[in-house]
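Encoded as structure tokens, the structure appears first; notes follow it.
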Amino acid sequence: MHIVDSHTEGEPTRVILEGGPDLGSGPLTERAARLATEYKDFYRSVVLEPYGQEAMVGALLTEPTNPECVAGVIYFDAAAVIGMCGHGTIGVAATLAHIGKIGIGTHKIETPVGIVEVTLSDKNTITVKNIDSYRFKKAITLEVEGIGKVTGDIAYGGNWFFMVDDSPTPVLPSNIRGLTEAGIAIREAIYAQGIEGGNGGIIDHIVLYGPALTKQGHTRNFVLCPDDAYDRSPCGTGCSARLSCLAADNRLAPGKEIYQESTIGSSYTLSYEVSTSPTAPKGSIVPSITGQAFITREATLINNPNDPLRKGIVLGS
Ligand code: PYC
């Protein structure tokens with residue numbers, strides 16, 4: 001399998017250029033559902049150790065159904081096939097530039113949740129114009145074991161997020177374990193209390209916010225992903241969901257830029273426009289996320305049928 005690895009603001013992406021499963025030529029939602037149900041061992045093996053690494057998101061390139069798009073892509077982590085991935089899209093754009101498929105300028109990429117736009121200012125600096133994003137519910141209070149009451153918004157940015165403005169534990173790089181435990185406890189409370197996103201959407205990403213550690217930063221975030229790894233970048237879909245909440249609360253004007261810090265101190269530049277789509281939910285915005293990706297590896301991934309760990313290291317199952 002031909003792969004290109006990159007990191008976007010510290011968060012790894014592995015793009016499968018060739019050698020992935022044949023998911024047919026139907027809509028990307030169908031292909032993503034097939035990957036999720038029929039090829040779970042395959043996609044997990046790509047990102048789990050020993051072939052992958054912690055926090056890695058995979059991006060399976062596929063033919064787009066829309067001829068205006070330069071590529072179709074389906075994202076996954078070690079736990080699930082996910083709808084969209086902001087850092088992954090920046091990584092995919094850098095990868096497509098690396099292999100000479102796209103150049104400086106704006107290009108469209110098809111994902112299972114819609115078409116996104118990428119603009120390459122140079123081969124590393126990329127802006128993603130994401131799909132329509134919106135806040136679904138404001139100020140939901142949960143009783144969380146070991147923490148107590150936690151209040152957050154439910155918002156959509158290509159994945160479903162529960163976003164807590166005042167993290168119950170400091171958002172500091174020295175507190176990854178405490179943040180991870182708090183994120184998992186909040187996610188368990190969400191599931192236990194039957195809380196969902198729109199149309200039964202599974203809220204599988206948790207974001208905790210704390211004060212920025214730099215002068216230009218708006219806030220610093222900690223993002224727990226479905227595989228329990230934290231996002232080293234500020235999380236593109238999480239930032240999209242966040243922008244929709246800031247817009248809904250009149251805390252940020254359209255077009256105004258802010259800098260979102262990640263837990264490790266990398267950042268994205270964010271802004272939004274009000275969505276004009278007649279089919280978008282009320283209050284939807286179109287987020288823009290700018291960050292940098294760097295290619296780290298181009299390789300052939302060899303999955304040896306005799307390797308007892310070819311499906312990846314899975315502890316506790
Ligand atoms: O950047 O949207 C993102 C993302 C989702 C999961 C990991 N990164």
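The values are calculated or read from the model by the stated rules, or taken from the named source; none is laboratory data. Nothing here was measured: the structure is a model prediction, and the numbers come from that model. Here Cβ is always computed from backbone atoms with ideal geometry, including for glycine, and neighbour counts include all displayed protein chains.
Data overview
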| item | result |
| --- | --- |
| In the stretch 26-49, residue surrounded by the fewest Cβ atoms within 10 Å (Cβ to Cβ) [restricted to those that are among the hydrophobic types (A, V, I, L, M, F, W, C) and within 10 Å of Phe76 (Cα to Cα)] | Ala36 |
| Residue satisfying condition, being assigned by TED's automatic domain parsing to the domain that holds Met84, part of a loop (DSSP other than H, G, I, E, B) and charged (D, E, K, R), within set Asp22, Asp41 | Asp22 |
| Whichever residue in the stretch 238-288 is assigned to a strand (DSSP E or B) and charged (D, E, K, R) and, among such residues, is nearest to Lys137 (Cα to Cα) | Glu273 |
| Residue within the stretch 111-123 that is among the aliphatic types (A, V, I, L, M), out of contact with any Ser or Thr (no Cβ under 6 Å at 6 or more places or on another chain), under 19 Å from Glu298 (Cβ atoms) and more than 11 Å from the ligand (Cβ to nearest atom) present | yes |
| Boolean, Thr119 is part of a strand (DSSP E or B) and either surrounded by fewer than 22 Cβ atoms within 10 Å (Cβ to Cβ) or not aliphatic (A, V, I, L, M) (or both) | yes |
| From Ala32, Ala93, Ala36, Ala78, residue being out of contact with any Gly (no Cβ under 6 Å at 6 or more places or on another chain), within 22 Å of Gly158 (Cα to Cα), within 16 Å of the ligand (Cβ to nearest atom) and part of a loop (DSSP other than H, G, I, E, B) | Ala78 |
| Residues located in the stretch 143-159, provided they are of a type outside the set (Asp, Glu) and surrounded by fewer than 22 Cβ atoms within 10 Å (Cβ to Cβ) | Val144, Gly146, Ile147, Gly148, Lys149, Thr151 |
| Members of the stretch 223-238 found to be near the ligand (Cβ under 6 Å from one of its atoms) and among the β-branched types (Val, Ile, Thr), listed by number | Thr237 |
| Single residue of Ile302, Ile313, Ile258 found to be more than 16 Å from the ligand (Cβ to nearest atom), surrounded by fewer than 19 Cβ atoms within 10 Å (Cβ to Cβ) and within 27 Å of Gly178 (Cβ to Cβ) | Ile313 |
